[in-house]
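For reference, the structure discussed in these notes is given below.
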């Protein structure tokens with residue numbers, strides 16, 4: 001797209017944002033049009049910190065993986081000092097892709113086209129037939145902002161990355177004890193969903209749909225988990241109080257994190273004495289993660305916009321990554337992690353480990369694709385989000401529209417708008433006359 005065409009598109013998108021009703025779904029082009037996909041890749045995925053990988057995927061010096069973010073292929077590697085780095089996967093000679101596979105191991109990165117060679121810090125160290133005043137120091141690989149948050153690898157493609165310090169300080173206590181450096185990926189699921197990435201994320205940020213669509217998930221998770229909500233089972237409120245006291249005594253963080261519209265983390269217990277997110281509620285892996293000795297740690301539910309949610313348990317954990325590939329296509333990758341010394345077939349069974357979220361992911365894929373098909377309809381109009389059950393969706397779309405408006409204004413040379421930072425307040429739920437709270441709609445988030 002030519003610059004003047006993008007400028008006109010950005011002006012149109014800004015106009016649409018400013019006419020949108022707050023806490024309603026987005027106008028149709030934001031979910032359907034390739035031009036708006038380009039806007040998302042430039043102004044959201046091109047400027048925000050995005051989750052891409054886990055440090056245990058590159059455990060040793062020379063290990064590398066690649067990730068695709070829109071048109072950009074990125075190399076993530078561990079150098080000889082064990083630092084994790086990221087570079088654009090494009091040779092500085094004539095632009096050829098360097099790493100052609102998804103993962104590998106190398107002492108140096110060698111372009112397959114003309115054999116320009118780079119060390120693990122991205123420095124160009126060898127060329128052929130480049131003479132005269134050619135200065136190799138000017139042709140290192142283009143670095144990408146990279147942060148390792150206790151094993152979670154985040155990238156930012158922007159020239160200047162947003163601050164990361166508070167994000168790290170708030171989430172690190174929940175992640176650090178999982179000791180991801182000493183974990184391994186036991187299973188990876190990759191789903192190609194025919195739905196806009198925002199619909200995938202919207203679906204994850206509410207459980208309005210859970211009772212009628214996720215029987216496996218609700219075997220271990222409470223349908224309602226906010227102790228101030230009248231729909232919560234009083235027995236679960238008492239369980240949360242008791243577990244929080246236990247976790248305080250053990251020094252185990254349970255949160256939640258301070259109110260924030262972009263990320264959150266909270267540790268919650270399982271229901272009915274269950275120990276893990278399995279179909280029968282028993283442990284999925286007999287060797288606990290890190291140095292845990294207590295198997296009854298519930299799960300840390302962690303969110304990071306725009307593309308990541310997680311469940312961190314004592315015996316395993318799951319990290320979910322959302323990557324847009326077109327206006328109506330999204331890749332959803334789920335990784336199940338266990339302790340690196342856990343032995344498949346002895347300590348864990350892959351089928352048991354993955355059953356709950358394989359089923360849930362398949363169900364969510366179908367729901368998101370139905371949602372996309374309906375939005376493609378010529379009569380689609382934005383609709384309101386519920387203030388008592390879809391607070392997470394309201395926050396997600398508010399964050400998205402705020403950040404997009406700021407970025408568009410910056411690009412177009414307009415004054416910056418105000419930005420929301422705190423989650424929207426939950427409306428008080430009042431059961432209909434004669435109906436018990438337990439009969440209300442499903443939980444606020446998966």
Most to least packed among 53-59, 67-73 [average Cβ atoms within 10 Å]: 53-59, 67-73
Compute the separation of the alpha-carbon centres of the stretch 11-42 and the stretch 113-128 and state it in Å as a whole number. 42 Å
Mind jotting down the distance between the C-alpha centroids of the stretch 334-368 and the stretch 70-100, whole Å? 30 Å
Ranked by Cβ crowding within 10 angstrom, fewest neighbours first, how are 129, 380, 208 ordered? 129, 380, 208
For 318, 41, 6, what ranking results if the residue with the fewest other Cβ atoms within 10 Å of its Cβ goes first? 6, 41, 318
Please identify, among 270, 51, 164, the residue showing maximal mean-square fluctuation in a Gaussian network model of the chain using a 10 angstrom Cα cutoff. 164
Which Rg and Dmax, in Å, describe the Cα atoms of the stretch 55-151? 13.2, 46
Between 365, 22, 184, where does the largest GNM mean-square fluctuation fall for the chain, given springs only between Cα atoms within less than 10 Å? 22
Please arrange 75, 331, 65 by how many other C-beta atoms lie within 10 Å of their C-beta, fewest to most. 331, 65, 75
Under 8 Å for C-alpha pairs, at least 6 residues apart: give me the relative contact order for the stretch 55-151, rounded to a whole percent. 24 percent
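Readers should treat all values here as calculations from the given coordinates under stated rules, not as data from a laboratory. All values reported here derive from a predicted model rather than from experimental measurement. No Cβ is skipped: glycine too gets one built from the backbone with ideal geometry, and neighbour counts run over all protein chains shown.
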